[in-house]
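In what follows, a structure is listed as structure tokens, so that the remarks can point back to it.
The values are calculated or read from the model by the stated rules, or taken from the named source; none is laboratory data. None of these values were measured; they are calculated from a predicted model. Counting neighbours? That spans all protein chains shown, and the Cβs are built from the backbone with ideal geometry, glycine included.
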């Protein structure tokens, strides 16, 4: 029996990266240009991505795309391939790591391909800014999304509690979580996961308080006291029984299928708006979407439009022109837009947005409506992450949150150590 990882890998290789069939190997090699595409995500994403790859192959005779899907080991495998000189031609990045890869020279600047191989006339205003690092467009944003809060509508109905909304404060959220958990009354099921280890949630928390996660110069934009307050909030909520246990939260690998809401251990999740479809796919009851809790009505919302994901071309790619054409096809071609829908987020091409809107299912429409609903509340996109940001998140921020949850360090000790780690790891 195939496990999920093998299923994804085999599906990818049997899809866009199929074998050469009956054509003699030497003849295929002479006639075909092969390009590797690497991403992570759910089976739904794999199916849609491979569908676009097949469309591109059909439109470009002699081109073969080998699709490869990563899982929990995506980042480790990607850096290993790069270190070994075997990087995929195109690979997927997320905003929290994008600039780090760009500044390490792992991503090819796209400026020479813009308005040539990659059409930009129909891109939403500011999209290219979301892929720019140090004055160079080093990744193409594939969609627009924002921080969001998902909740199980049936859980709130059964509890007789009003669901969270755009006016829910962090204090309100804590009270709701404790009451909801008590109402659910099931072992190992809480209102929400312990989100202290989500760097993006911490970023929103900081933005609401007029702080930055990273400064434009690349240093930490927060203090030890800020981090202590963050860890204290979630530690207090855990002690009050409002969020998941340390053991459950430590199993979350920042993928949809490992999130406490997806595993049946929670009925709310702080995530990204484009992930609503994936979460609904593993939920037996209807989900709804609203914005994250706020500090107060007069403070910044902590929201900003962000690229859902990026495609980057490896700086070592032997087919950069072909890779650029594929990216153009992915974001600008109507047939590609129909295949992709809003699984990665709201399309960056405004014509594609209008094209797919009528055909979206009800859940996908909720995602688009949410992005439109926060238009008057979003702030400025933050500075790009500095070198070392990925290491900081993986080796300091998340482990520190887990140590607090397991009672190994106090929130104050965690805040102080986090700042020391930031000064040591981040490259200014």
Within the stretch 213-253, the residues that are more than 18 Å from residue 191 (Cα to Cα) and assigned to a loop (DSSP other than H, G, I, E, B) are 213, 215, 216, 217, 218, 219, 221, 222, 223, 253
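Would you say residue 159 is in contact (Cβ under 8 Å) with a residue 12 or more places away in the chain and within 29 Å of residue 416 (Cα to Cα)? First the steps, then the outcome.
Details: in contact (Cβ under 8 Å) with a residue 12 or more places away in the chain: yes; within 29 Å of residue 416 (Cα to Cα): no.
For residue 159, the condition - in contact (Cβ under 8 Å) with a residue 12 or more places away in the chain and within 29 Å of residue 416 (Cα to Cα) - is not met.
Conditions (1) surrounded by 14 or more Cβ atoms within 10 Å (Cβ to Cβ); (2) in the same structural domain as residue 404 (by TED's automatic domain parsing), marked per residue:
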{"site": "117", "(1), (2)": "yes, no"}
{"site": "124", "(1), (2)": "yes, no"}
{"site": "156", "(1), (2)": "yes, yes"}
{"site": "162", "(1), (2)": "no, yes"}
{"site": "170", "(1), (2)": "yes, yes"}
{"site": "174", "(1), (2)": "yes, yes"}
{"site": "179", "(1), (2)": "yes, yes"}
{"site": "186", "(1), (2)": "no, yes"}
{"site": "197", "(1), (2)": "yes, yes"}
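From the list 80, 76, pick out the single residue that is under 29 Å from residue 281 (Cα atoms) and loosely packed, with under 15 Cβ neighbours inside 10 Å. Walk me through it before giving the result.
Values: 80 fails: under 29 Å from residue 281 (Cα atoms).
Exactly one of 80, 76 is under 29 Å from residue 281 (Cα atoms) and loosely packed, with under 15 Cβ neighbours inside 10 Å, namely 76.
Yes or no: residue 327 in the same structural domain as residue 130 (by TED's automatic domain parsing), surrounded by fewer than 23 Cβ atoms within 10 Å (Cβ to Cβ) and closer than 17 Å to residue 112 by Cβ?
Numbers: in the same structural domain as residue 130 (by TED's automatic domain parsing): yes; surrounded by fewer than 23 Cβ atoms within 10 Å (Cβ to Cβ): yes; closer than 17 Å to residue 112 by Cβ: yes.
Criteria met by residue 327.
Over 21 Å from residue 258 (Cα atoms) and part of a strand (DSSP E or B): is that true of residue 144 in this structure? Talk me through it step by step, then tell me what you get.
Working: over 21 Å from residue 258 (Cα atoms): yes; part of a strand (DSSP E or B): yes.
The answer is yes for residue 144.
Identify, please: which residue in the stretch 245-262 is touching a helix residue (DSSP H, G or I) at 6+ places or on another chain (Cβ under 7 Å) and free of Cβ contacts under 8 Å to residues at least 60 places away in the same chain and is, among those, surrounded by the most Cβ atoms within 10 Å (Cβ to Cβ)?
Initial filter on the stretch 245-262 (touching a helix residue (DSSP H, G or I) at 6+ places or on another chain (Cβ under 7 Å)): 246, 249-252, 256, 260-262.
From what is left, the residues that are free of Cβ contacts under 8 Å to residues at least 60 places away in the same chain are 251-252, 262.
On the way: 251: 13, 252: 24, 262: 21.
Result: 252.
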Within the stretch 345-359, of all residues that are over 15 Å from residue 144 (Cβ atoms) and in contact with a helix residue (DSSP H, G or I) (Cβ under 8 Å, 6 or more places away or on another chain), the one modelled with the highest pLDDT is 355
Matching residues in the stretch 154-206 (under 25 Å from residue 297 (Cβ atoms), in a helix (DSSP H, G or I) and within 24 Å of the chain's Cα centre (by Cα)) number 11
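Working carefully through the options 307, 334, find the one that is under 18 Å from residue 45 (Cα atoms) and either modelled with pLDDT under 95 or not assigned by TED's automatic domain parsing to the domain that holds residue 94 (or both). Break it down into steps so the answer makes sense when it comes.
On the way: 334 fails: either modelled with pLDDT under 95 or not assigned by TED's automatic domain parsing to the domain that holds residue 94 (or both).
Unique residue meeting the criteria: 307.
Quick check on this structure: which one of 221, 193 is at pLDDT 95 or above, in the same structural domain as residue 270 (by TED's automatic domain parsing) and under 30 Å from residue 41 (Cα atoms)?
Details: 221 fails: under 30 Å from residue 41 (Cα atoms).
The match here is 193.
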Those helices (runs of 4 or more DSSP H) completely within the stretch 346-428 that have 3 or more residues that are touching a strand residue (DSSP E or B) at 6+ places or on another chain (Cβ under 9 Å) and under 30 Å from residue 332 (Cα atoms) are 350-356, 362-373
Meets criteria (in the same structural domain as residue 326 (by TED's automatic domain parsing), part of a helix (DSSP H, G or I) and crowded, with 18+ Cβ neighbours inside 10 Å) for residue 100 = yes
Output for Cβ contacts, cut-off 6 Å, separation at least six or different chains, first residue closer than 11 Å to residue 384 by Cβ in the stretch 93-118, second part of a helix (DSSP H, G or I), reads 97/390; 100/389; 100/390
